[in-house]
Amino acid sequence: MTRSQLLTLLSLLPLLLATGSAPQASLRQAAAAAGLLVGTAVRPYALSEAAYSETLGREFNMVEPEDAMKWWTVRRNEGAFDFQQGDQIVRFARAHDMKVRGHCLVWDHDNPKWLSAAKFTPQQLAHVLQEHIATEMKHYAGQVFAWDIVNEAFDERGRLKDSIWFNQPGIGFSGEGTAYIEQAFRWARDADPGAVLFYNEAEAEGMNPKSDAVYAMIKDFKQRGVPIDGVGLQLHISRLDFDARPLAKNIARLSALGVQVHITELDVSLPLEATGAIRSDDLQHQADIYRNVLHACLQNPGCTAVQTWGFTDKYSWIGSHSHGARGGALLFDKSYKPKPAYAAVLEELSSQAMRGH
Ligand code: XIL
């Protein structure tokens, strides 16, 4: 047991004695006792809202900018870097003793027009990308502890997706499989040798052709000494019959390769009735899914962080990105009231206090 874990445990003792049951602490207190980071994606403009920042600081020990460190925010204009929004998040995190996870440096989405529509040669594009990775990672060195270097490179059949970075025109490795991804990780390690480097992927949480492709790439990278430290599993869940067993299996096989696993973008979207209301039994199913995901992570010491994609239903990408009539995906409702899913996560974290000790 580390000193900070011991201190957290001691601070929970009065609660334990008073209630005689699981402690009703915050998520971050319970997570610290379980040796886990519990994070959430954040939007800088919402930090000025008291309920938003109070809930965030009280419940989480890690934040990730939802959009504030992406190309379209940092590189709105060609030739200039704008770190204002990301810096705001870093300041908040420092003031509240939270870690910052960076997201993301190589992705085929959320890029500015000058980049996606321009006609670069592969050599020019390689230079633009190397400079971007180096400048942003150096700016945040010592403040952002882990980065999603490459995001969503595979399709559902496990093939590399066409993208500006791979083959349209690519950075000089089109036709060479994952070599462009390898190059990005090498540039990232050079830029900030202290950062933990992640590959982040969507719908590769269970056992399927896409997660097989990710697994094969990580295995190859580890065997050849390519610098990679972790895999992020997004976990945007929209099925209420979600089965967490393949997730546990996938976490186990990835960590056996010697990389950490982070759950990076967890949310569980629910169907909305015509009035916008959510059925109460759906809230219960949602709570069970959150609990099962937490359990799958806590069960494996290689799974070191669970992060949700926002925390209040007031600010969520679900509903704004053609998810149809869906919503209510997060732990707190629109007025920051904890939902059954919150209680389930807190309970699961509390029951796993001191895992592995
Ligand atoms: C989403 C954000 O939540 C939105 O605000 C933005 O408009 C588009 O991107 N996978 C990812 C995230 O890796 O960056 C995406 O975030 C959600 C899917």
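The values are calculated or read from the model by the stated rules, or taken from the named source; none is laboratory data. Given the structure is predicted, the values throughout are model-derived calculations rather than measurements. Every residue, glycine among them, receives a Cβ derived from its backbone with ideal geometry; neighbour counts consider all protein chains shown. These accessible areas exclude ligands, DNA and RNA; they are computed on the full protein's heavy atoms, side chains included. Shrake-Rupley method; radii C 1.70, N 1.55, O 1.52, S 1.80 Å.
What residues of the stretch 180-207 lie in the reach of a label at LYS249, counting those whose backbone N is under 13 Å from a point 7 Å from the Cα along Cα→Cβ? Hits in the stretch 180-207 for LYS249 at 13 Å: 205-207.
Express in nm, to one decimal, how much length is gained between ASN208 and ASP333 on full extension, taking 0.36 nm for each residue of separation and deducting their alpha carbon distance. It would help to have the intermediate numbers written out before the result.
Working: separation 125, 0.36 × 125 = 45.00 nm, distance 3.26 nm.
Full extension from ASN208 to ASP333 adds 41.7 nm.
Rounded to the nearest 5, the antiparallel percentage of DSSP beta bridges internal to the chain is 10%.
Taken over the stretch 166-260, the alpha-carbon convex hull comes to 113 cubic angstrom per residue.
Within the chain, CYS104 have no other Cys Cβ under 4.7 Å of their Cβ and so lack a disulfide-compatible partner by this rule. Shape index of the stretch 221-357: Rg/Rh, with Rg the Cα radius of gyration and Rh the Kirkwood radius from the inverse mean 1/r over Cα pairs, equals 1.02.
Note on the chain: Cα convex hull, mean projected area over all directions, 18.0 nm².
Between 0 and 90 degrees, rounded to the nearest ten: what's the tilt of helix 3-19 against the longest Cα principal axis of the chain? In the chain, helix 3-19 runs at an angle near 30 degrees to the longest axis. Under the combined filter of DSSP loop state and at most 12 neighbouring Cβ atoms within 10 Å, the stretch 28-100 retains these GluC sites (Glu not before Pro): GLU78. Restricting the calculation to Cα atoms, the stretch 69-127 yields a radius of gyration followed by a Dmax of 14.0, 44 Å.
Projected onto its three principal axes, the C-alpha set of the stretch 33-73 covers 37, 24, 6 Å, listed from the longest axis down. Between helix 179-191 and the chain there is an angle of about 70 degrees, using the helix long axis and the longest principal axis of the Cα atoms. Please report the base-10 log of the normalised intensity I(q)/I(0) for the stretch 251-291, using a Debye sum with one equal scatterer per alpha carbon and no solvent, at each q in 0.14, 0.23, 0.27 (1/Å). Taken in order of the listed q values, log10 I(q)/I(0) reads -0.51, -0.80, -0.93. If the chain linking GLN84 and SER351 were pulled fully straight, counting 0.36 nm for each residue of separation and taking away their Cα-Cα distance, it would gain 92.2 nm.
Per atom type, the stretch 293-352 shows carbon and sulfur on 55% of its accessible surface, probed at 1.4 Å.
Treating only the Cβ of Lys, Arg, Asp and Glu as charged (+1, +1, -1, -1), what charge dipole size does the chain show about its Cα centre? Round to the nearest 20 debye. Could the numbers behind the result be given before it?
Details: 35 positive and 41 negative charges, 114 e Å.
The calculation lands at about 540 debye.
On the principal axes of its alpha carbon atoms, the stretch 218-271 extends 45, 18, 13 Å, with the longest extent given first. Taking all protein chains as shown and a probe of 1.4 angstrom, VAL226 keeps an accessible surface of around 10 Å². Using only Cα atoms, tell me the angle between helix 50-59 and the longest principal axis of the chain; keep it within 0 to 90° and round to the nearest 10. It is inclined by approximately 80 degrees.
As a test of the formula, what do you get for the chain when each DSSP H run with n ≥ 4 contributes -39,500 (n - 2.57) and the sum is divided by the residue count, at 222 nm and rounded to the nearest 500 deg cm²/dmol? Numbers along the way, then the final one.
Numbers: 12 runs with 143 residues, N = 357.
That calculation yields -12500 deg cm²/dmol at 222 nm.
Convex hull volume of the Cα atoms in the stretch 116-191, per residue, in Å³?
Numbers: hull volume 7.3 nm³, N = 76.
Cα convex hull per residue, to the nearest whole number: 96 Å³.
Can you put MET69, MET207 in order of accessible area, largest first, using a 1.4 Å probe? Before the final figure, lay out each step's value.
Working: MET69 0, MET207 80 Å².
The most accessible residue leads, giving MET207, MET69.
Solvent-accessible surface of the stretch 249-308, taken per residue with a 1.4 Å probe and all protein chains present: 36 Å².
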